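Quick one: this structure, given as structure tokens, is what I'll be asking you about.
The numbers here are math on the coordinates, done by the rules we state, and not lab data. The structure presented is a predicted model; accordingly, all values stated were derived computationally and were not measured. Cβ atoms come from the backbone with ideal geometry, glycine included; neighbour counts cover every protein chain shown.
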Amino acid sequence: MGLLQHDQVLLLLGAPGAGKGTQARFLAETLGVPHVASGDLLREHRERGTALGRAAQGYMDRGDLVPDDLVLDVIADRLDQPDATRGALLDGFPRTVAQAQALDARLDQRGGGVRMAVYIDVPTEALVDRLAGRWLCRGCQTSYHTEFNPPAVANACDVCGGELYQRPDDKREVVANRVAVYLSDTLPVIDRYASQGILHCVDGNRSIDAVQESLLEVVADPEPEAIAV
Ligand code: ADP
Ligand code: ADP
Ligand code: ZN
């Protein structure tokens, strides 16, 4: 699908547990662009034990945002890879207005921009259950849910056969902080794209398939709706 042009990006926005990762994998494949998830990239740095990974880990374990300059380095490096010049689907970034401004500046320099922002809207009450039952693949980061999206074979990834694990920051206490941080720091980012007229809103409180269908409609017909968040 030819929605994105050179150095254009599509953003998937939403609370922790809204279903960004689940939907992004499929959507990126449909659009033929890489799926760039800031959380996945930060966890990779931690696993490799890089200086950036070590600097980020305390923030991540508490459910606080990693400082903007660190996240911006990670995203800029990823967008500099050759596969991302035709565009990318960003998941979990930007999460602050400063990150959104830095992203605009970087894309602008290259003659690109944010093509569209899609907000997956899920009520706060649903998030804790989603995250408490989330299991991720160590190999390819695909997410499953014990109740809502179980793997075909227990504890193995459907895609790559990898082992599944639970994220330590999906514990109830940490989730409460992540949701609070989302409401204070990331909702203003969503407002920002709404006022730019490039925000689309999708009801994320439905089955994975129903949400996927709505996302496909949005990217197939990218005229923004006039909505307020
Ligand atoms: P989820 O998809 O469940 O919302 P992520 O994997 O996107 O979680 O993020 C995990 C953690 O990584 C966050 O709680 C935060 O500490 C850090 N992180 C990820 N993306 C960003 C970002 N854009 N800005 C700051 N911190 C981030
Ligand atoms: P995010 O990347 O936004 O933090 P995920 O895609 O990892 O969220 O989804 C969070 C959890 O909720 C996962 O366990 C996933 O399997 C599950 N999930 C995703 N979409 C839905 C949905 N539409 N209905 C029920 N559960 C869902
Ligand atoms: Zn896997």
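When the dipole is taken about the Cα centre of the chain, and only Lys, Arg (+1) and Asp, Glu (-1) are charged at their Cβ, what size is it in debye, to the nearest 20?
540 debye
Let me ask another. Restricting to the chain, what percent of DSSP beta bridges are antiparallel, rounded to 5?
DSSP beta bridges in the chain are roughly 30 percent antiparallel.
Additional query: Counting only GluC sites (Glu not before Pro) that are in a DSSP loop and have at most 14 other C-beta atoms within 10 Å, tell me the longest site-free stretch of the chain.
Longest run free of exposed loop sites: 1-146.
Could you give me the ³J(HN,Hα) list for segment 109-116, computed from phi with Karplus coefficients 6.51, -1.76, 1.60 and θ = phi - 60°, whole Hz, x at Gly and Pro?
4, 9, x, x, x, 7, 6, 6
Just to verify a number: FRET efficiency for T85 and F26, C-beta to C-beta distance, R0 = 25 Å, to 0.05? Mind dumping the intermediate values first?
Numbers: r = 22 Å, r/R0 = 0.89.
Once the sixth-power term is evaluated, E becomes 0.65.
Which of the listed residues, V175, A100, P188, is farthest toward the dipole's positive end in the chain, when Lys, Arg count +1 and Asp, Glu count -1 at the beta-carbon?
Value: V175.
From the phi angles alone, apply the Karplus equation (6.51, -1.76, 1.60; θ = phi - 60°) to segment 204-212 and give each ³J(HN,Hα) in whole Hz, x where the residue is Gly or Pro.
Karplus-based 3J(HN,Hα) across segment 204-212 equals x, 8, 9, 4, 4, 5, 5, 5, 4 Hz.
Follow-up question, since we're still on this one. With +1 on each Lys and Arg Cβ and -1 on each Asp and Glu Cβ, and nothing else charged, work out how big the dipole of segment 102-229 is about its Cα centre, in Debye to the nearest 20.
Its charge dipole is roughly 540 debye.
Also, I was wondering about something else. When the dipole is taken about the Cα centre of segment 163-206, and only Lys, Arg (+1) and Asp, Glu (-1) are charged at their Cβ, what size is it in debye, to the nearest 20? Present the calculation step by step, with values, prior to reporting the outcome.
Values: 6 positive and 7 negative charges, 12 e Å.
For segment 163-206, the charge dipole is close to 60 debye.
Which residues' amide hydrogens lie under 5 Å from the amide hydrogen of G204, considering only partners 5 or more residues apart or on another chain, with H built in the peptide plane?
The answer is D121, V122.
Continuing with this model, one more query. Could you tell me which of H45, G204, P82 has its Cα farthest along the dipole of the chain towards the positive end, charges placed at Cβ (Lys, Arg +1; Asp, Glu -1), taken about the Cα centre?
Working it through, the farthest residue towards the positive pole turns out to be H45.
Distance between the C-alpha centers of segment 1-38 and segment 146-184? Whole Å please.
Cα centroid to Cα centroid, the span is 19 Å.
In addition: For segment 1-158, what is the relative contact order in percent, using Cα pairs closer than 8 Å and at least 6 residues apart in sequence?
Relative CO of segment 1-158 lands at 37 percent.
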